1. What are the pairs with Cβ atoms under 7 angstrom where one residue, in the stretch 53-65, is under 10 Å from Ala33 (Cβ atoms) and the other, located anywhere, is in a helix (DSSP H, G or I)? Sequence gap at least six, or different chains.
2. Can you pull out the residues in the stretch 1-55 that are small (Gly, Ala, Ser), touching a helix residue (DSSP H, G or I) at 6+ places or on another chain (Cβ under 9 Å) and part of a helix (DSSP H, G or I)?
3. Mind listing whichever residues of the stretch 44-53 are modelled with pLDDT of 85 or more and open to solvent by 40 Å² or more (accessible area, probe 1.4 Å)?
4. Which condition breaks for Gly70 when tested against (1) open to solvent by 90 Å² or more (accessible area, probe 1.4 Å); (2) part of a loop (DSSP other than H, G, I, E, B); (3) under 17 Å from Trp4 (Cα atoms)?
Amino acid sequence: DASWSAEPWRARARELAPRRHADVIEIRCHTAAAQAARRIRRRLAVGGDASDATPEIAAKRAGAEDPWPGAVDVDTGRGPAEALVQALGRIAPVPALSRRR
């Protein structure tokens, strides 16, 4: 599911970005294995999802990615809204209110 788990693909994106006048913001989303399995089972039950992930595939892939020290880690366990707040806060921190004018 667009995991970008292999460093060579991430390196290629970083290499191409300046030539395409683009920024690369690397975000690694993660959640507990049990939460991921529940979400996958829910998607499978509904059907019509483009993902081919199963709880077994997710368990096998967990921990199989190359190290990614440059990524911003975002815990998606509390849902999309909280994940968005985390991601935005880490890639574009809001200045402290005392510094605003």
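The values are calculated or read from the model by the stated rules, or taken from the named source; none is laboratory data. Quick caveat: nothing in here was measured; it's all calculated off a predicted structure. Positions of Cβ are backbone-derived with ideal geometry, glycine not excepted, and every protein chain shown enters the neighbour counts. Just so you know, the surface numbers come from the protein's heavy atoms only, side chains and all, with ligands and any DNA or RNA stripped out. Shrake-Rupley method; radii C 1.70, N 1.55, O 1.52, S 1.80 Å.
1. Pro55/Ala37; Pro55/Ile40; Pro55/Arg41; Ala58/Ala36; Ala58/Ala37; Ala58/Ile40; Ala59/Ala33; Ala62/Ala33
2. Residues of the stretch 1-55 that are small (Gly, Ala, Ser), as a first pass: 2-3, 5-6, 11, 13, 17, 22, 32-34, 36-37, 45, 47-48, 50-51, 53.
Next, from what is left, pick out any that are touching a helix residue (DSSP H, G or I) at 6+ places or on another chain (Cβ under 9 Å): 3, 5, 22, 33, 36-37, 51, 53.
Ala33, Ala36, Ala37 - these are the residues of the stretch 1-55 that are small (Gly, Ala, Ser), touching a helix residue (DSSP H, G or I) at 6+ places or on another chain (Cβ under 9 Å) and part of a helix (DSSP H, G or I).
3. Taking the stretch 44-53 first, the residues modelled with pLDDT of 85 or more are 44-46, 53.
If the condition is that a residue be modelled with pLDDT of 85 or more and open to solvent by 40 Å² or more (accessible area, probe 1.4 Å), then Leu44, Ala45, Val46 are the ones that fit.
4. Here Gly70 clears every test but (1).
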